[in-house]
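Okay, so here's the structure we're looking at.
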Amino acid sequence: MRRLIRPVLTALSIAWLAASFAVLSSDHALAQQAGGAQQQLKQVALTQKQIDGVVAAQKEMDPIVAKLQANTKPDPKVIAQLEAIAKKNGFASYDEFNNVMDNISLVFGGIDPASKKYVGSEAVIKAQIAQVTADKKMSAKDKKEALDDLNGALKQPEPAVENKGNIDLVVKNFDKLAPMMGEDQQ
């Protein structure tokens, strides 16, 4: 059952991770969210240095982010800590770190965890729906919840990956990125 639930948890953890970084971004982004405007993903060409920086920074940021409460404005001291960690790991700012993380997440969400090949987020979600539907051991309540979440994700498609080189780079670094993206190694 763990193998069947794991993809669902991966999709949800990626969504949570992206949401948590969106909440923690600069005051400008917070003001945009409060005003109802949705922030668009600024797609950038990723580098190996950025991937390495994200992996290193994430290890330091996880304990800080884990203490934050949902739906509250982060303490300026916490934002300052996250800024410092981002800068220490090669980013100009925490906003740049978030943007790189969002670009990684965009690609990662479209990688089939079994084959480690990029198939697109829609194909991954459809495969997860099929796995959950076929799972006989999952409770009806959990199955309904998981299917509702996955079908909701399917109705909100991710933008196309503009920088095709990002796909190769994220696939190449899949094993490094998987633990921080919530993907257990088999």
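The values are calculated or read from the model by the stated rules, or taken from the named source; none is laboratory data. Quick caveat: nothing in here was measured; it's all calculated off a predicted structure. Neighbour counts run over all protein chains shown; Cβ positions are idealised from the backbone, glycine included.
Some observations on this one:
- Condition check for Lys87: assigned to a helix (DSSP H, G or I) and closer than 23 Å to Gln156 by Cα: no
- Test: residue in the range 130-148 that is under 18 Å from the mean Cα position of the chain (by Cα), surrounded by fewer than 18 Cβ atoms within 10 Å (Cβ to Cβ) and in contact (Cβ under 8 Å) with a residue 40 or more places away in the chain: no
- Applying a threshold of 6 Å to beta carbon distances and a minimum spacing of six or more residues, or different chains, the list of pairs starting in the range 62-74 at a residue that is free of Cβ contacts under 8 Å to residues at least 40 places away in the same chain and ending at one that is part of a helix (DSSP H, G or I) reads Ile64/Gln81.
- Restricting attention to the range 85-119, the residues that are surrounded by 13 or more Cβ atoms within 10 Å (Cβ to Cβ), hydroxyl-bearing (Ser, Thr, Tyr) and over 17 Å from the mean Cα position of the chain (by Cα) total 1.
- Among the numbered conditions (1) at pLDDT below 95; (2) within 25 Å of Asp52 (Cα to Cα), the only one that Ala86 does not meet is (1).
- Yes/no for Leu154 being surrounded by 14 or more Cβ atoms within 10 Å (Cβ to Cβ), out of contact with any Phe, Trp or Tyr (no Cβ under 8 Å at 6 or more places or on another chain) and in contact (Cβ under 8 Å) with a residue 40 or more places away in the chain: no
- Any hit, the range 63-84, residues being within 29 Å of Asp142 (Cα to Cα) and either in contact with a Lys or Arg (Cβ under 9 Å, 6 or more places away or on another chain) or surrounded by 12 or more Cβ atoms within 10 Å (Cβ to Cβ) (or both): yes
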